[in-house]
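The structure appears right after this line, and notes come after that.
Quick note: the coordinates plus some simple rules give every number you see, no bench work behind them. As the structure is a prediction and not an experimental result, all values here were calculated from the model. Here the Cβ is made from the backbone with ideal geometry for all residues, glycine too, and neighbour counts use every protein chain on show.
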Amino acid sequence: MAVYQTTVSAPVNIACIKYWGKRDTKLILPTNSSLSVTLDQDHLRSTTTSRADPSFDKDRLWLNGKEESIEAGGRLSTCIVELKRLRAAVEAQNSAAPKLSTFPVYIASRNNFPTAAGLASSASGFAALVASLAALYELPATPSQLSVIARQGSGSACRSLFGGFVAWEMGSAPDGSDSLAIEVAPREHWPDIHALICVVSDDKKGTSSTSGMQRTVETSALLQHRIAQVVPARMDAIKDAILRRDFPAFARITMQDSNQFHAVALDTDPPIFYLNDVSRAIIAVITEYNRAAGAIKAAYTYDAGPNAVIYTPKENVKEIVELLLRYFPQSQPFPDPFGLDVNNEGKLPAGFNEKVAKAFPVASVKGFIHTRVGDGPRKLDASEALLGSDGLPT
Ligand code: DP6
């Protein structure tokens with residue numbers, strides 16, 4: 001008996017121009033375009049195995065080993081139904097194609113980073129789900145076409161269908177057919193861009209992106225200005241900066257847009273706070289780092305939580321890690337996949353005004369993850385499958 005199974009991994013992406021607000025909550029159509037950098041799957045990824053089998057009772061999904069329910073009409077079910085529909089079209093064209101669209105699927109997905117790391121896993125997770133079913137069904141679809149489906153799982157997921165520098169064009173069609181991701185530049189265009197994720201302790205449960213952004217749409221006057229005036233110009237300017245590999249311009253826009261996203265969160269009624277004291281101290285340290293250097297050498301950005309992501313050219317990573325270790329001491333040595341020889345005692349760069357922030361206790365930053373711009377979804381071989389021969393998670 002033939003086994004119909006594929007395994008795919010997909011990357012995390014972190015936005016420079018933030019998506020925040022939906023004009024259609026069911027189709028997940030945004031109120032503004034956005035742009036992100038795809039991070040390297042060698043360090044952070046979601047892996048998904050999908051299998052179609054006529055003997056399965058119904059569609060089932062396991063996330064990190066735990067079964068999740070697939071509710072009819074929910075985000076997971078929307079993606080699966082949509083991909084089965086595309087498979088049925090393939091079968092209608094080719095009578096020899098096995099009727100996989102009629103078989104139930106089992107799907108197992110795993111993130112290689114702990115949920116406790118506070119990184120959004122919905123983007124890489126939905127991208128891996130869509131890419132794995134698309135590979136299983138041998139769909140003749142482009143990453144942009146698949147991004148339309150991933151978008152309906154989680155908006156930011158559409159950008160994880162590409163590597164490198166990715167725009168999500170908001171589109172205008174009511175059915176969402178033109179609200180999709182496009183590649184601005186592949187990672188090979190600017191491989192020098194590295195990312196340092198600062199995992200900031202967060203005890204309280206924050207407001208989810210989905211409910212937070214809806215409240216912003218309903219109550220923030222500043223969001224209307226952002227959507228109409230600010231983002232369109234920034235999208236053009238940051239694409240141009242990427243194409244010219246102009247790091248200072250890229251970094252300035254990235255920091256401005258993170259700041260404005262947190263300003264519209266604060267402008268929401270009741271207000272939403274995602275940054276904490278540690279997040280704000282990291283902003284102060286990076287701002288002073290750029291001032292002391294007399295050039296913009298690093299950019300911070302924050303999503304819907306207190307973790308910082310710092311983008312910088314590779315040559316600056318060691319200096320920035322040592323600077324951050326001065327303020328945010330660690331109990332463990334800095335784990336570096338690139339073999340940087342970091343002074344774990346920390347070090348201030350020349351001319352740096354130490355007083356911009358106080359030193360925090362150990363573990364105020366739980367850890368650092370050093371990665372870089374990466375590629376799009378990868379098809380993996382059978383040895384990496386997450387479903388065993390019985391079709392259940394291994
Ligand atoms: C702050 O994609 O998680 O990370 O579409 O409701 O699933 P849903 O929201 P989600 O929102 C991400 C918001 C953000 C900014 C961004 O990634 O662009």
Rounded to the nearest 10, the angle in degrees between the Cα long axis of helix 75-93 and the longest principal axis of the Cα atoms of the chain comes to 50
Simple SL model, points at 7 angstrom along Cα→Cβ for Arg215 and Ala2; separation in nm is 5.1
Expected unfolding gain across Arg280-Ala363 under the 0.36 nm per residue rule, minus the alpha-carbon gap, is 28.3 nm
Once amide hydrogens are built 1.01 Å from N within the peptide plane, the residues lying 5 or more places from Cys16 or on another chain with amide H under 5 Å from its amide H are Leu35, Ser36, Val37
Shape descriptor, the chain: equivalent ellipsoid semi-axes (Cα gyration tensor, sqrt 5λ, whole Å, largest first) stand at 37, 24, 19
Note to self, the chain gives a 222 nm [θ] from helices alone (DSSP H runs n ≥ 4, -39500 (n - 2.57) apiece, / all residues, nearest 500) of -9500 deg cm²/dmol
Relative contact order as a percentage, the stretch 241-394, C-alpha pairs under 8 Å and 6+ apart, gives 20
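Please sort 361-373, 24-36 by packing, taking for each peptide the average over its residues of neighbouring beta carbons within 10 angstrom, highest first.
24-36, 361-373
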Given pairs Lys18/Lys379; Lys297/Lys318; Lys58/Lys84 and cut-off 18 Å on Cα-Cα distance, the over-length ones are Lys18/Lys379
Hits in the stretch 277-300: amide N under 17 Å from the 7 Å Cα→Cβ extension of Phe338, namely 297-300
Once both label points are put 7 Å beyond Cα along the C-beta direction, the Thr102-Gln224 separation in nm becomes 5.4
Expected unfolding gain across Val90-Glu67 under the 0.36 nm per residue rule, minus the alpha-carbon gap, is 5.3 nm
Measuring from its Cα centre, the chain shows a charge dipole (+1 at each Lys and Arg Cβ, -1 at each Asp and Glu Cβ) which, in debye to the nearest 20, is 400
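In what sequence, highest mean first, do 288-294, 320-326 appear when ranked by Cβ atoms within 10 angstrom?
Packing proxy ranking, top to bottom: 320-326, 288-294.
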Per the rule of 0.36 nm per residue minus the C-alpha distance, extending Asn112 to Ala350 adds in nm 81.9 nm
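Sort the following peptides by mean Cβ neighbour count (other Cβ atoms within 10 Å, averaged over residues), highest first: 300-312, 216-228.
Ranked by mean Cβ neighbours within 10 Å, highest first: 300-312, 216-228.
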As straight-line cross-link partners of Lys347, the qualifying aspartates and glutamates (C-alpha separation under 13 Å, not fewer than 8 residues apart within one chain) are Glu319, Glu322
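Can you tell me the mean projection area, over all orientations, of the convex hull of the stretch 193-372's alpha carbons? Units nm², please.
Reported value for the Cα convex hull: 10.9 nm².
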For the stretch 4-190, shape from the Cα gyration tensor axes a ≥ b ≥ c, cut at a/c of 1.5 then a/b versus b/c, turns out prolate
